[in-house]
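Colleague: The structure is given below, and queries will be raised subsequently.
The values are calculated or read from the model by the stated rules, or taken from the named source; none is laboratory data. Worth saying up front: this structure is predicted, and the values here are computed from it rather than measured. Positions of Cβ are backbone-derived with ideal geometry, glycine not excepted, and every protein chain shown enters the neighbour counts.
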Amino acid sequence: MPARNTVPAEGSGGDAAALEALGHRLRDMRRARGMTQASVAEVLNCDHSAVSRIESGTYPLTPQMLRAVERLLSLAAADGYETWFISYLEIERTATVLRTWEQAVLRRRTGGAEVMREQLGRLVAVAQTEPRVTVQVLPFASPGCAGMLAPFVVASFAPDPRPDVAYLDNALDGATTERRDQVARLALLYDALAREALSPNDSAELIKQVMMEWT
């Protein structure tokens, strides 16, 4: 996840006000452009009920969702959508496998302590109940964390013969690449990080421990 620390969420008056303000901006933009909540949900790759809660200021945003909302607002202000953004949303929607690397998500505050516990609890629940999802934690002490890698995603589309695609994120924008050498390097990097990471069971236990620290 990006290093931005502006994630509005429940937990304090300032956070709640920021979340409400962001929701109002999204609602005003949607209405000005004649968009429905369903069409916004399609762009954000979420359920339309989530859009309703975002607009009302009652939805605790994950960093990834915040990133998507802020980009949608900034691109709408510029009266258009950047190609890379639409491209990534389509990749995420059609991929059959997503290998995602995100940094420091367990301990970087995104809202208040209650929101952190809720988000981490949901992460554990998904990891333990959704057979298609595997969550592994790479401890800070591991060699793979030494370079503080930027977030990236490697998407696969099997059984479709379409080649794998990679997405790289940074503080300003993102970029997708289909260059086989770049995608292959990121896939190998992901596999190396996964080998260094804790097992799924040990990762779930660590996430539960971190949850208890958010008090």
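Colleague: Scan the range 103-134 for residues that are surrounded by fewer than 17 Cβ atoms within 10 Å (Cβ to Cβ), touching a residue at least 24 places away in the same chain (Cβ under 8 Å) and not in a helix (DSSP H, G or I) and jot them down.
Modeller: Listed by number, the residues that qualify are Gln103, Ala104, Arg107, Arg108, Arg109, Thr134.
Colleague: Tell me which of these His24 doesn't satisfy, since it passes every other one: (1) at pLDDT 75 or above; (2) surrounded by 19 or more Cβ atoms within 10 Å (Cβ to Cβ).
Modeller: Going through (1) at pLDDT 75 or above; (2) surrounded by 19 or more Cβ atoms within 10 Å (Cβ to Cβ) one by one, His24 breaks only (2).
Colleague: Okay, moving on. On the basis of being at pLDDT 85 or above, surrounded by 16 or more Cβ atoms within 10 Å (Cβ to Cβ) and assigned to a loop (DSSP other than H, G, I, E, B), does Leu186 make the cut?
Modeller: So Leu186 does not fit the description; no.
Colleague: Here is a list: Gln182, Gln209. Which entry is over 18 Å from Gln103 (Cβ atoms) and in contact with a strand residue (DSSP E or B) (Cβ under 7 Å, 6 or more places away or on another chain)?
Modeller: Gln182
Colleague: Take the conditions of a type outside the set (D, E, K, R), in a helix (DSSP H, G or I), at pLDDT below 70 and closer than 22 Å to Thr176 by Cβ and apply them to Ile86. Does it pass?
Modeller: Yes.
Colleague: Still on this structure, I have one more. Could you give me the residue pairs with C-beta distances under 8 Å whose first residue belongs to the range 89-101 and is part of a helix (DSSP H, G or I), whose second residue is modelled with pLDDT of 90 or more and of a type in the set (Ser, Thr, Tyr) wherever it lies, and which are 6+ apart or on separate chains?
Modeller: Nothing qualifies.
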